[in-house]
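The values are calculated or read from the model by the stated rules, or taken from the named source; none is laboratory data. Because the structure is a prediction, the values reported are computed rather than measured. Note that each Cβ is placed from the backbone with ideal geometry, even for glycine, and that neighbours are counted across all protein chains shown.
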Number of protein chains: 2
Amino acid sequence: MEAKNAIVLLSGGLDSATTLAIAKAEGYRVHALSFRYGQRHSHELTCARAIATKAGVAAHVISEVNLRQFGGSALTTEIEVPKDRPLEQMGSEIPITYVPARNTVFLSFALAWAEVLPASDIFLGVNALDYSGYPDCRPEYIQAYEAMANLATKAGVTGSARIRIHTPLIRLTKGQIIARGRELGVDYSLTSTCYDPDASGAACGRCDACLLRLKGFAELGLTDPAMYARVEARA
Amino acid sequence: MEAKNAIVLLSGGLDSATTLAIAKAEGYRVHALSFRYGQRHSHELTCARAIATKAGVAAHVISEVNLRQFGGSALTTEIEVPKDRPLEQMGSEIPITYVPARNTVFLSFALAWAEVLPASDIFLGVNALDYSGYPDCRPEYIQAYEAMANLATKAGVTGSARIRIHTPLIRLTKGQIIARGRELGVDYSLTSTCYDPDASGAACGRCDACLLRLKGFAELGLTDPAMYARVEARA
């Protein structure tokens, strides 16, 4: 039987690399989609390419979209990325690293590609437990997106295959995500999670994303194989 | 009292020009948003610029997105645009001029800009009566998009102003749209509706979009002020 097509949104981070491995393990023919969206650094796209190549995806598209032209986030402007925030503070408010409507924009391109391929399965590595409080990572958002997607497209009119947004990580802790990825052979040294890496791509170890990632490895008693600029921050 | 911000999606066509005039007449401070998305011709962007300038908008952004990289439509590939289709056939099936997920992509950028401005009102000139049968022009799609948008953004978490997607044309015939636009002073000679204009920007008079537009002017006993390549096609 021919494998079903799926689109996997691949940022180059730990979560999306794990999500890609899960889609492959579920038997999908993976089409990876990344974005050059005006983010501060392109190191994550280098990682996305390496992850896609190692996984042997059917195709990998890097799409150019300019979210910088609207601003409003520390990830697309010169606003400073917050560092050393207590873990318990994360998720209680929407931080300045939130990029307005980013997941909505990314999913919309995935939907366009899905309709053409065709594919009816889209994978997104959002997580609602160990996360930064972004509105577009919550299960109720994903459900609403899926409902909209099925009205937006031919599938919604012709009654052909229903579009599904898969979020296999949404209820997992960071430690559980890493454990699952290791079972599936994900090489986390290829992933970049940091919001503010240095010119060499080394992670800062102090932004929300690094702190959550480090907590995940620590939960498993493991050392994160990613490169960090400050070894002392790895706790 | 300061005017409220609104985003108006402006393609440069008859419907979006009318929608912009309605948003202005309702007192909004209009921010127009157009896209270079890989469409066959850029004449509609020239029109969008002229319409935005004449209307005196607060800002006009033309965003670059590449929907051509996914293909699947006569408007973004070399697939031929259908001509001379009977009006009664339109709307009964999804034609090859449908661009997969186009309105979903465009609304997502509008949502990103709305969140930053901030604005909670987004105007879109979709029409479900005299239309080509696109799934993303239907009222049920717009309702689902609005529900999703309110979960996607800060507004959905903090309970601040609810995002509204305004579709003032959705239940109007093409003739009613033109009549409303004329009351508001819209100069339809600045608008481009044709799917397949010639190099000078002259409309073909034979694609679905031209035929629906010509029907609208004919309903009112008016002559369309736009430039057509074939005078004999103007009925």
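Set side by side, the residues B:181, B:185, B:175 differ, and just one is touching a residue at least 24 places away in the same chain (Cβ under 8 Å), away from chain A (no Cβ under 14 Å) and at positive phi, which is B:185.
Can you pull out the residues in segment B:185-214 that are among the small types (Gly, Ala, Ser) and within 10 Å of residue B:227 (Cα to Cα)?
B:189, B:192, B:200, B:201, B:202, B:203, B:205
Against the condition in contact with a helix residue (DSSP H, G or I) (Cβ under 7 Å, 6 or more places away or on another chain) and either small (Gly, Ala, Ser) or modelled with pLDDT under 95 (or both), how does residue B:202 come out, does it pass? It is false that residue B:202 is in contact with a helix residue (DSSP H, G or I) (Cβ under 7 Å, 6 or more places away or on another chain) and either small (Gly, Ala, Ser) or modelled with pLDDT under 95 (or both). Listed by first and then second residue, the pairs linking a residue in segment A:58-87 that is facing another protein chain (nearest Cβ under 7 Å) to a residue that is basic (Lys, Arg), with Cβ atoms under 6 Å apart and 6 or more places separating them unless they lie on different chains, are A:64/A:36.
Checking every residue in segment B:143-166 against the condition of being of a type in the set (Asp, Glu) and not in a helix (DSSP H, G or I) gives zero matches.
State yes or no: is residue A:24 farther than 23 Å from residue A:214 by Cβ, buried (at least 19 other Cβ atoms within 10 Å of the Cβ) and of a type in the set (D, E, K, R)? Yes, satisfied. Against the list (1) closer than 27 Å to residue A:105 by Cα; (2) part of a loop (DSSP other than H, G, I, E, B), the condition residue A:221 fails is (1). Within segment B:51-66, the set of residues being more than 15 Å from the chain's Cα centre (by Cα) and under 26 Å from residue B:205 (Cβ atoms) comprises B:54 only.
Taking strands (runs of 3 or more DSSP E) as the structural unit, those lying wholly within segment A:1-84 and holding at least 2 residues that are at pLDDT 95 or above and under 23 Å from residue A:178 (Cβ atoms) correspond to A:5-9, A:29-36. Within segment B:147-169, restricting attention to residues that are touching a Ser or Thr at 6+ places or on another chain (Cβ under 9 Å) and among the hydroxyl-bearing types (Ser, Thr, Tyr), the residue that is surrounded by the fewest Cβ atoms within 10 Å (Cβ to Cβ) is B:160.
If the condition is being over 16 Å from residue B:117 (Cα atoms), at the interface with chain A (Cβ under 8 Å from one of its Cβ atoms) and β-branched (Val, Ile, Thr), then segment B:147-167 contributes B:157, B:158. Reported count of residues in segment B:108-132, each being at the interface with chain A (Cβ under 7 Å from one of its Cβ atoms) and either in contact (Cβ under 8 Å) with a residue 40 or more places away in the chain or not β-branched (Val, Ile, Thr) (or both), is 6. Scanning segment A:157-175 finds no residues that are closer than 22 Å to residue A:80 by Cα and touching a Lys or Arg at 6+ places or on another chain (Cβ under 9 Å).
Just to be sure, is residue B:12 over 26 Å from residue A:75 (Cβ atoms), within 14 Å of another protein chain (Cβ to nearest Cβ), crowded, with 20+ Cβ neighbours inside 10 Å and touching a residue at least 12 places away in the same chain (Cβ under 8 Å)? Judged against the criteria, residue B:12 is not a match. Just one of the listed residues (B:116, B:126, B:157) is at pLDDT below 90 and hydrophobic (A, V, I, L, M, F, W, C), namely B:157. Of everything listed in (1) surrounded by 20 or more Cβ atoms within 10 Å (Cβ to Cβ); (2) under 21 Å from residue B:227 (Cβ atoms), the single unmet condition for residue B:31 is (2). The residues in segment B:176-199 that are out of contact with any helix residue (DSSP H, G or I) (no Cβ under 8 Å at 6 or more places or on another chain) and more than 25 Å from residue B:22 (Cβ to Cβ) can be counted, and the count is 3. Keeping to segment B:31-40, report how many residues are under 19 Å from residue B:188 (Cα atoms) and of a type outside the set (A, V, I, L, M, F, W, C). Matching residues across segment B:31-40 total 1.
Exactly one residue among B:223, B:173 is closer than 30 Å to residue A:147 by Cβ and among the hydroxyl-bearing types (Ser, Thr, Tyr), and that residue is B:173. The set of residues in segment B:133-146 that are more than 8 Å from chain A (Cβ to nearest Cβ) and either under 13 Å from the mean Cα position of the chain (by Cα) or buried (at least 21 other Cβ atoms within 10 Å of the Cβ) (or both) comprises B:134, B:137, B:142.
Residues that are away from chain A (no Cβ under 12 Å), touching a residue at least 40 places away in the same chain (Cβ under 8 Å) and either aliphatic (A, V, I, L, M) or assigned to a helix (DSSP H, G or I) (or both) are absent from segment B:94-107. Selection of segment B:167-197 for residues being part of a helix (DSSP H, G or I), among the charged types (D, E, K, R) and under 24 Å from residue B:139 (Cα atoms) yields B:174, B:180.
Filtering segment A:190-227 to residues that are within 30 Å of residue A:77 (Cα to Cα), of a type in the set (Ser, Thr, Tyr) and out of contact with any Asp or Glu (no Cβ under 9 Å at 6 or more places or on another chain) leaves only A:200.
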